[in-house]
Amino acid sequence: MAILSKEEAQAILKKVIGFSKADHCEVSLNGSDGGNIRYARNAVSTAGQISTMSLGVSSTFGKKTGAATINEFDDASLQKVVKRAEELAMLAPENPEFMPPLGPQTFAESNTYNAKTAAMTPDTRAEMVGKSLSVSKTAGLDAAGFLENSTRFNAIMNSKGLFAYNKGTDVSFSVTVRNKQGTGSGYVEQGFNDLDKMDTLALSKIAASKANGSAGAKAIEPGKYTVILEPLAASDIIGNMFRGFDARSADEGRSFMSKKGGGTHLGEQLFSENVNIYSDPMNTEIPSSTFTSEGLPVKRTQWVEKGVVKNLSYSRYWAAQKNVQPLPFSRSMIIEGGTQSLEDLIKSTEKGILVTRFWYIRSVDPQTLLLTGLTRDGTFYIENGEIKFPIKNFRFNESPVIMLNNVEALGKPVRTGSGLIPPMKIRDFTFTSLSDAI
Amino acid sequence: MRRRDFLYMTGVGLGASMVPNMPAFGKIISVEESLTPVDLALKKKMADIALNAAKSKGATYADVRIGRYLNQVVATRETRVENISNSESYGLGVRVIANGSWGFAATNNMDDASIAKAAEAAVAIAKGNAKLMEEPVQLAPQKGFGEVSWKTPIEINTFEVPIADKVDLLLKVNSEAMKGGAKYISSNLFMINEQKYFASTDGSYIDQDIHRIWPTFTLTKTDAGSGKFETRNALSAPMGMGFEYLKPKDEEKIKGGPVTMYKKRYDILEDVSEAAVHVDEKLKAKPAAPGKYDLVLDPSHLFLTIHESVGHPTELDRVLGYEANYAGTSFLTLDKWESKKFNFGSKEVNIIADKLETGSLGAVGYDDEGVKCGQWDIIKDGILVNYQTIRDQAHILGLKESQGCCYADSWDSIQFQRMPNVSLAPGNAALSAADMVKNVEKGIYMFGRNSYSIDQQRYNFQFSAQLAYEIKDGKIVGMFKDAAYQANTQEFWNSCVQRCDKSDYRLGGTFSDGKGQPGQASAVSHGSATTRFNGVNVINTGRKLG
């Protein structure tokens, strides 16, 4: 069984720490249990079930650290992995940026675990995929998709008395539905902690509708357009921006947060006033662990307020250099939105382009965060508040920083990827060429 | 540590404390352990247990892969070592056909009972999947080879080279960069040894020992006054070689152009020294004016264009729709191949698939379903003539046997269709890169990979380079910044007008080509000589914030 209870994990970690002779010892225990189904051409292609558990030990003498992992848990193996980490530490060069382990911390109890998701079986997955396939087969379309779920835990302990434990579940689903002629394609993707929120039938119907609706796309000229980005499309682009909130790279002049003449944009208005970004591990829609891998508590943090950069993330080392408190980054980024639905945003648009998702996004210039990529699986022209016709896919060249300065309206946030992101209406979004790909 | 986790780490930087993020598989092992392979007789015994168990439960075909994957990474930054790790992942995967359907199971418990249980589980999964099957698997016949072996022809096993020597080399690289005025420098050395054993009910017992190496660095200079920063990555290629790759030889260097380039030996100290100068030039470079240019593309850049616009769209599983939900499909549909006259590119374009090329990342003797590897044409004189296939696809192309393109990145991953080395043949007439540049009136000479993006059917693309030099009237006149070319695949390859000869031929490659769900990584090389493309659309990607 790869999923240990808090007490079971604690017992193993205590035993491992007990074997340590190093100045400092940090131990982590991770386990996961889950499965997946992949399908294409309306038939299952592969299916699997995977269960794993692993122990990692980091031992430090002075500023010399060695690390080792193992996936065997008898006493002899536990002693062996500790010994190996200590041997490696003795061989390692000193790390001038070594930070001693944290002492005991207080963590909020996370809400990442859902019992029903944890109880998923191969039959549950097959049934969910069956619903998706019923949509494409009935409609005479072709589906290719992937369904995956996992239950996982992680626990950490160190020789200074810190201990933390978290257990969570995930279920994710994505499907691409294409028409038989290969002239139309639609896509959906969703992830939740709670299985009850996942409706593969309804999601597949959306993908099928987009597959039919996107057939016969017309070409329109590249240029600057008002776009309505569905949450997945917005997330695709904005997710690339968050690593720039790292204080060290900003201080070092290596990020879009670095300022001409030195310093950073912390405290400055960098985005439109209607942009508010925060992270909160306790958010019920997108819960995440309340501690970092080294045991720092993760709390609600405002990163952008009314367009002003309120915080940058500080590692423990960099915080010590700058004489500030460490501030960990969170995996659950939340962009505040409004109450409007995607349909409301479309209705309020005189002329614009609706984007389902983007594809193959790559950085072109780290200085401006300029990104390039393409629209995919459903791009539509909007006129007088209505979708008029499907259009051919575009390549874009745009920066999320520029984009968040051109926000006209934000809708109701939806969980997508690792964020809670609203649909966005953005003016002057730059498309540079057309693609014939469907 | 599993290979894809190792590769993932290469993309996210190797800072901070490693252990809390250590992936859930594999374990750190000593160098001595890495040099002790598993006994061959024991592997055969384990393989037979799996094959017999599968057959006894009703499998009509079975194969077993016993994989021992060794990864070593040495990562440094400025004057310090960020990470050294030596890890192993060891286990067994069984794939079967039962009731006409595929099934797969894997275990890292290598006792007889666990192996048999995994084989039985694979059969049960196959029978379960058969209920959702549209048509039974058609497996191309493959003769058994008996007991055979293959090994990457290395001169120096990287795992035998002392860690201290590797650390010293990388710290020298960093020192050289800082002497050249770099404020930030990270350098890494990644090494992989795949010890793979394959057996099947066809009667093959294949033992392979595969080695790969990738030395690389990223050098950064900042200018606080202007707020600008620029970087240059190493122009090394990851290779299917041993540590001899890092023993430079003058005869393996191509000098005389604006950048020193390397063939099957790499001078990392020389490259970092030049990189420091290049970054100064990049900070002062003039913006590229948008327009049509003749592009002279060095193999260090062109390899990824080949990978994205030729390698991927000629994967038959993408053509058929198996990757539709992730990596996408392909514009090279079967009707284009069936017509035998689809004009993929100009007559200069001859693209060869090759699983045997010495020094390449994809070189193996046999693929992961026991097919002996070889070489074939994909594009012949500009015409699409073939794809890349595995055993259950061969019949679609009317082939009597597979082309040997099956690969899995781990013993617990299901093998599937992956790209062979796909390369552009060099020209037949003697021509150096310097001579090619002399005939260009308005052009750009590009080196190294930078930003790459291509659509899901591998048609519209935008690529940029580490270094872009303006060519005017046959001479290199300075460096451009913010230059990216956009084209569609067919137009681009039809604009190919000239190739340098084989003396300029070099391999580029990638350690971590992603595909599949759950995702798998594979390593593959792409060769070419310097090649010219006329009248390609270049855009300026410069933007201002605020």
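Bear in mind these aren't lab numbers, they're just calculated from the coordinates by the rules spelled out. Nothing here was measured: the structure is a model prediction, and the numbers come from that model. All Cβ positions, glycine included, derive from the backbone under ideal geometry; neighbour counts span all protein chains shown.
Counting other beta carbons within 10 Å of each residue's own, what order do B:S101, B:S149, A:S272 fall into, fewest first?
Values: B:S101 22, B:S149 13, A:S272 17.
So the ranking, lowest neighbour count to highest, is B:S149, A:S272, B:S101.
The Rg/Rh ratio of the protein assembly as shown, with Rg taken over Cα atoms and Rh as the Kirkwood radius over Cα pairs, comes to 0.93.
Please check which bits of the range B:491-519 a label hung off B:A430 would reach, taking the label as a point 7 Å along Cα-to-C-beta and the cut-off as backbone N under 18 Å. Residues B:499-505 qualify, since their backbone N sits under 18 Å from the label point.
Label positions at A:D23 and B:K286, each projected 7 Å from the Cα along the C-beta direction, are separated by 5.6 nm. Measuring from label point to label point, each 7 Å out along Cα→Cβ, what is the A:T138 to A:Q10 span in nm? According to this spin-label approximation, the distance is 5.1 nm. Ordering B:Y90, B:Y459 from the fewest to the most neighbouring beta carbons within 10 Å gives B:Y90, B:Y459.
When Cβ neighbours within 10 Å are restricted to other protein chains, what is their mean count per residue of peptide B:448-458? Each step should come with its number before you reach the end.
Working: counts 0, 0, 4, 8, 3, 13, 8, 13, 11, 8, 1.
Taking the mean over all residues of the peptide, I get 6.
Centre-to-centre separation between the Cα atoms of the range B:224-291 and those of the range A:299-313: 39 Å. Efficiency by 1/(1 + (r/R0)^6): what FRET value for A:V324 and B:E251, r their Cβ-Cβ distance, R0 = 56 Å, to the nearest 0.05? Once rounded, the FRET efficiency stands at 0.55.
As a proxy for reagent exposure, A:T106, A:T368, B:T60 were ordered by neighbouring Cβ count within 10 angstrom, fewest first; the result is A:T106, B:T60, A:T368.
Can you tell me, using C-alpha contacts under 8 Å and at least 6 residues apart, the relative contact order of the range B:312-470 as a whole percent? Intermediate values should be presented prior to the final figure.
Details: 285 pairs, mean separation 35.2, N = 159.
Normalised by residue count, the contact order of the range B:312-470 is 22 percent.
Approximating the spin labels as points 7 Å out from Cα along Cα→Cβ, the A:E350-to-B:V38 distance works out to 6.9 nm.
Our note on the geometry: Cα centres of the range B:149-201 and the range A:229-261, 32 Å apart. Within a straight-line Cα-Cα reach of under 28 Å, A:K83 can be paired with the following lysines, leaving aside sequence neighbours fewer than 8 residues apart in one chain: A:K6, A:K14, A:K15, A:K21, A:K63, A:K64, A:K160, B:K27, B:K166.
Working note: Karplus 6.51/-1.76/1.60 with θ = phi - 60° gives the range B:382-396 the couplings x, 9, 5, 10, 6, 10, 10, 10, 10, 5, 8, 10, 4, 4, 5 Hz, where Gly and Pro are set to x. Computed from backbone phi with θ = phi - 60° and the Karplus coefficients 6.51, -1.76 and 1.60, the 3J(HN,Hα) list for the range B:499-511 is 10, 5, 8, 5, 5, 9, 5, 9, 9, x, x, 10, 7 Hz; x is used for glycine and proline.
Dividing the summed -39500 (n - 2.57) terms of all DSSP H runs of n ≥ 4 by the residue count of chain B sets its mean residue ellipticity at 222 nm at -6000 deg cm²/dmol. Which net charge results for the neighbourhood of B:Q457, defined as the other residues with beta-carbon distances under 10 angstrom from its beta-carbon, given Lys and Arg at +1 and Asp and Glu at -1? Summing Lys and Arg as +1 and Asp and Glu as -1 gives +1. Using the rule -39500 (n - 2.57) for each DSSP H run of four or more residues, divided by the residues of chain A, the 222 nm mean residue ellipticity is -6500 deg cm²/dmol. Evaluating 6.51 cos²θ - 1.76 cosθ + 1.60 at θ = phi - 60° for every residue in the range A:125-138, the Karplus couplings come out as 5, 4, 5, 5, 5, x, 4, 5, 5, 5, 5, 5, 5, 5 Hz, glycine and proline recorded as x.
Peptide A:47-58 has a mean shielding of 5, counted as Cβ atoms of other protein chains within 10 Å of each residue's Cβ.
How far, in degrees from 0 to 90, does helix A:200-213 lean away from the longest principal axis of the Cα atoms of chain A, to the nearest 10? Here the helix axis deviates by roughly 40 degrees. Spatial offset of the range A:347-404 relative to the range B:413-465 amounts to 27 Å, using the alpha carbon center of each. Proximity of backbone amide H atoms, modeled 1.01 Å from N, is registered between A:S433 and A:R395 at under 5 Å, excluding neighbours fewer than 5 places apart on the same chain.
In whole percent, what relative contact order does the range A:57-134 give with Cα contacts below 8 Å and a gap of six or more residues? Provide the component values of the computation, followed by the final result.
Values: 64 pairs, mean separation 20.8, N = 78.
About 27 percent, as a whole number.
With contacts taken as Cα pairs under 8 Å at a separation of at least 6 residues, chain B carries a relative contact order of 15 percent.
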